Amino acid sequence: MRAAFAKEIESLSELDERIVLLSGDIGNRMFDTYKEKYPNRFYNCGVAEANMTGLAAGMALCGLRPVTYTITAFNTVRCLEQIRLDVCYQNLPVIIVGVGGGLSYSSLNATHHALEDIAFLRIIPNMTVICPGDAWEVRSAIRAAFEIDGPVYIRLAKKNEPLIHNGIPNFKIGKGIVIRPGTDVCFLNAGSLLPSAVAASEALLKIGISVEVVSMHTVKPLDEILLQDIFSKFLHVFTLEEHSKLGGFGGSVAEWLSDQINPKGHLTRIGTDDQFMYVAGEKEYAQEYFGITTKDIVEKVIQSMSD
């Protein structure tokens, strides 16, 4: 995903000289070409994410289109006050890109885990929250973000994530994308678990359970029209995300559902539990630890349908 971001921001910068890229001491080699092309439009702000966010707000007030980029936990939690007051309070067109969302950096332990960022940012007024499911959605999300005259948060995984789309999808902020149609169960996925959602749907189809897979790449604003359709058609609806079940995408859907009158569908949230991970391990190990692997998803669907 991060390579897709680097390519797309470079392409867009050629078309719009207002775009400025600010990095929080990360991605230096990845942006070598960008720096060669636009030496006056790249700033390595160092390990000073709060200052970077304030700098981006100032640039936006001057008519520029700044993009801040660094590890998710550092580009959100560490500078939450600056995001809230410098950027969102003034409704400025700053794009905040967090790389390594969820458990991408799980081997570096709790300082690098990002399992609360969606919850923090989606409740701030004026903020748009986008969680692309693959590299094609990343490129689409960057393009769409520049069409918004306000704050946008884009949450990326890290690298080598499987591609789900064959090219740039029909991507619109606030509109989910049906990846696979189904009749028995619906998966609503936000972010990097999209390949797992597709793999789980294939495994379930082999035992006679048809699953509709939807990429809900936009957590805020939610695609309420699509949600109304899904919860009127399906008895079993699952939200999937590499984020805490509290306050994230699943929490957002649960909030929406609580305002609906007699919905047909039952909601099950799949995400990380309300706990810290005190052991270190690669992403695959961390997903097993929290029970969000493809195997876990399949088992939870079977259990839910048998209850």
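The values are calculated or read from the model by the stated rules, or taken from the named source; none is laboratory data. Owing to the predicted nature of the structure, the values given are computational and were not obtained by experimental measurement. So basically every Cβ, Gly included, is an ideal-geometry build from the backbone, and we count neighbours across all protein chains shown. Accessible surface is based on the protein model in full, side chains and every heavy atom, while ligands, DNA and RNA are left aside. Shrake-Rupley method; radii C 1.70, N 1.55, O 1.52, S 1.80 Å.
The loop-placed trypsin sites (Lys or Arg not before Pro) in the range 1-101, going by DSSP, that have at most 10 neighbouring Cβ atoms within 10 Å of their Cβ come out as 29. Based on the Stokes-Einstein relation at 20 °C and a viscosity of 1.002 mPa s, and on the Kirkwood radius from alpha carbon pairs, the range 152-242 is assigned a translational diffusion coefficient of 157 µm²/s.
Farthest toward the positive end of the dipole of the chain, out of 262, 1, 219, is the Cα of 1, where the dipole comes from beta carbon charges about the Cα centre. Of the trypsin sites (Lys or Arg not before Pro) found in the range 242-307, those in coil by DSSP whose Cβ has at most 15 other Cβ atoms within 10 Å are 264. To put it simply, the accessible area of the range 151-307 at a 1.4 Å probe is 51 percent carbon and sulfur. Centre-to-centre separation between the Cα atoms of the range 140-159 and those of the range 17-52: 17 Å.
For residue 158, the lysines whose Cα comes closer than 16 Å to its Cα, not counting residues fewer than 8 places off in the same chain, are 7, 283. Over the range 1-147, the Kirkwood radius and the radius of gyration, each from Cα atoms, give a ratio Rg/Rh of 0.93. Say each of residue 255 and residue 168 gets a label point 7 Å from the Cα, pointing the same way as Cα to Cβ; how far apart are those two points in nm? It is 3.2 nm.
Applying Stokes-Einstein at 37 °C and 0.692 mPa s to the Kirkwood radius of the range 108-180, computed over alpha-carbon pairs, gives a translational diffusion coefficient of 240 µm² s⁻¹. Rounded to the nearest Å, what's the spacing between the alpha carbon centres of the range 93-138 and the range 204-268? Just the number, please. Centre-to-centre distance over Cα atoms comes out at 20 Å. When the Cα atoms of the range 1-71 are aligned to their principal axes, the ranges along those axes come out at 25, 25, 21 Å in descending order.
On a per residue basis, the chain carries 43 Å² of accessible surface, using protein heavy atoms and a 1.4 Å probe.
Which value results for Rg/Rh of the chain when Rg is the Cα radius of gyration and Rh the Kirkwood radius based on the inverse mean 1/r?
With Rh from the inverse mean 1/r over Cα pairs, Rg/Rh is 0.97.
Note on residue 149 and residue 25: the model spin-label points, each 7 Å out from Cα along the C-beta direction, lie 3.7 nm apart.
Farthest towards the positive end of the charge dipole of the chain, among the residues 198, 42, 108, is the Cα of 42, using unit charges on the Cβ of Lys, Arg, Asp and Glu. Taking only the C-alpha atoms of the range 156-307, Rg followed by Dmax gives 14.9, 44 Å. The convex hull around the C-alpha trace of the range 239-307, projected and averaged over every direction, spans 5.3 square nanometres. Length gained on full extension, residue 302 to residue 14, computed as 0.36 nm times the residue gap minus the Cα-Cα distance: 98.7 nm. GNM remark for the chain: springs join alpha carbons under 10 Å apart, and the peak mean-square fluctuation among 47, 198, 99 falls on 47. In angstrom, the C-alpha Rg and Dmax of the range 63-221 are 16.2, 56.
Taken about its Cα centre, the chain carries a charge dipole of about 400 debye when Lys and Arg each add +1 at the Cβ and Asp and Glu each add -1 at the Cβ. Exceedance of the 23 Å cut-off in Cα-Cα distance is limited, within the set 172/300; 175/233; 233/300; 175/264, to 172/300. The smallest convex shape that holds all Cα atoms of the range 210-252, its convex hull, gives 82 Å³ per residue.
Stretching the chain fully between residue 210 and residue 48 yields a gain of 53.5 nm (0.36 nm per residue, less the alpha carbon separation).
In loop segments of the range 134-175 as defined by DSSP, the trypsin sites (Lys or Arg not before Pro) with at most 14 further C-beta atoms inside 10 Å of their C-beta are 159. The Rg/Rh ratio of the range 162-215, with Rg taken over Cα atoms and Rh as the Kirkwood radius over Cα pairs, comes to 0.97.
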